[in-house]
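Working notes, beginning with the structure itself.
The values are calculated or read from the model by the stated rules, or taken from the named source; none is laboratory data. Predicted model only: the values in this text are computed from it and were never measured. Counting neighbours? That spans all protein chains shown, and the Cβs are built from the backbone with ideal geometry, glycine included.
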Amino acid sequence: MKTEVYNAISQKENGTNICGRIIRGGGLVAFPTETVYGLGANGLDGAAVERIFEAKGRPSDNPLILHVAKKSDVKDLWRHVPDEARRLMDAFWPGPLTLIFVKSDIVPDEVTAGLSTVAVRMPEHKTALALIRAAGVPIAAPSANLSGRPSPTTAEHVLEDMDGRIDAVIDGGPCRVGVESTVLTLVGRPTILRPGGITREMLEQVIGTVDVSPAVLRPLAEGETAASPGMKHRHYAPDAEVVVAVGSPRKIASIICREYDITEAMGKRAVILGTEQTASCYHGMECDIIGDRSDPASLCSELFAALRRWSGRADVIFAEGVPESDQGLAYMNRLLRAAGFKVLNE
Ligand code: TXA
Ligand code: MG
């Protein structure tokens, strides 16, 4: 299969309309959102949705998110719309927040992996919204990477993994947020299953107390069931070992400097994903400054791109832990998974 590339900015051939037709006809199109690139199919067509799982090599027990272009579309996808959902949609949609509630009969089992609930989000990216409107159906879309790899934040990343496996990619440039949406279930107590750009603190201002699933920051124990099936699978792994150092910025820098030297002495190539605050500690070492520790959103927006940049080029990637508040929770969730929970502290 040849994968066509359309440019979202120079709309010459009106790529969004062409891609909308591809989706309606059962094909697969990768498209930009404000979080990461999605791999879209007609969310009401079970056979089309199955193709997503094949193209990604995704385990079939991991459910997908339906993307809509207007808030009122959730009425058709959920049994009913709870009051908390209405308030959250008014506050954060369009935007990087996915809400889970009991599904209606029109949602195919292929989308929900057989669960009785379905995840829905309204992205804020103009191209994503235009594509959903052109398709005229909700778009089922996971991140557009091969299963297990870091999520793509540029069209080039999508092509690295998906060229020849999907019908088309719409290139809309780099994604702003850089990590996937916050996933919040409204079945039972509101609980964050996956942290993202809309933080716990922001959600609590609208609906009061929000729980965080324990699996967000630690591996599942043997025999423990995942509230969100996505949390039990290996994730975000580049082709390199990833190690996270935690503690105060000074401690972190001293741990990383020591381990960097040990790694190099063993003849392995190391790289540090540093921050503006610690950059000067890594003098003479291979260091990629990915953002500002006091602005964890800046770290989120660069993390996946940095993991891909060094994948296969470094043997060991050292990264800095940050406090788990605000967007720091999403950053630590992705980083710890990429590292297989390998953490150094003293
Ligand atoms: O930002 C995003 O959310 C991106 C863009 C493309 O919109 N999409 C994305 O999809 O990250 P995906 O499939 O990579 O992640 C969906 C997550 C998985 O962890 C999945 O297990 C969880 O949401 N999920 C989906 N439906 C669920 C449900 N009914 N119950 C519990 N978890 C669910
Ligand atoms: Mg994903």
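Could you pull out the residue among Thr3, Thr35, Thr112 that is in contact with a Ser or Thr (Cβ under 6 Å, 6 or more places away or on another chain), modelled with pLDDT of 95 or more and among the β-branched types (Val, Ile, Thr)?
Values: Thr3 fails: in contact with a Ser or Thr (Cβ under 6 Å, 6 or more places away or on another chain); Thr112 fails: in contact with a Ser or Thr (Cβ under 6 Å, 6 or more places away or on another chain).
The conditions single out Thr35.
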With the condition kept exactly as written, say whether any residue in segment 287-306 is assigned to a loop (DSSP other than H, G, I, E, B), of a type in the set (Phe, Trp, Tyr) and buried (at least 20 other Cβ atoms within 10 Å of the Cβ). no
Taking the criterion of being more than 13 Å from Val169 (Cα to Cα), outside any loop (DSSP other than H, G, I, E, B) and within 11 Å of ligand 1 (Cβ to nearest atom), would at least one residue in segment 19-37 satisfy it? no
In this structure, is Glu241 more than 18 Å from Gly328 (Cβ to Cβ), of a type in the set (Asp, Glu) and free of Cβ contacts under 8 Å to residues at least 24 places away in the same chain? no
Answer yes or no: is there a residue in segment 17-34 that is under 21 Å from the mean Cα position of the chain (by Cα) and either of a type in the set (S, T, N, Q) or more than 17 Å from Asp161 (Cβ to Cβ) (or both). yes
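Only residues that are in a loop (DSSP other than H, G, I, E, B), more than 20 Å from Phe341 (Cβ to Cβ), under 15 Å from the mean Cα position of the chain (by Cα) and within 11 Å of ligand 1 (Cβ to nearest atom): list them for segment 178-236, please.
Within segment 178-236, the first condition is being in a loop (DSSP other than H, G, I, E, B), and the residues that meet it are 178-181, 186-190, 195-199, 208-210, 213, 217-228, 233-236.
Right, trim to more than 20 Å from Phe341 (Cβ to Cβ) and you get 178, 181, 186-190, 197-199, 208-210.
Remaining after also requiring under 15 Å from the mean Cα position of the chain (by Cα): 178, 181, 197-199.
Once the filter is applied, which keeps residues that are in a loop (DSSP other than H, G, I, E, B), more than 20 Å from Phe341 (Cβ to Cβ), under 15 Å from the mean Cα position of the chain (by Cα) and within 11 Å of ligand 1 (Cβ to nearest atom), segment 178-236 yields Gly178, Ser181, Gly197, Ile198.
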Collect the residues in segment 112-124 that are buried (at least 21 other Cβ atoms within 10 Å of the Cβ) and either out of contact with any Pro (no Cβ under 7 Å at 6 or more places or on another chain) or within 13 Å of Gly40 (Cβ to Cβ) (or both), keeping them in residue-number order. Val118, Val120, Arg121, Pro123
Can you tell me which residues in segment 165-192 are more than 23 Å from Leu307 (Cα to Cα) and of a type outside the set (Lys, Arg)? Ile166, Asp167, Ala168, Leu184, Thr185, Leu186, Val187, Gly188, Pro190, Thr191, Ile192
Selected residue [closer than 24 Å to Glu160 by Cα and at pLDDT below 95] from Arg269, Arg337, Arg309: Arg337
Where residues in segment 131-141 are in a loop (DSSP other than H, G, I, E, B) and crowded, with 24+ Cβ neighbours inside 10 Å, which of them is nearest to ligand 2 (Cβ to nearest atom)? Ala141
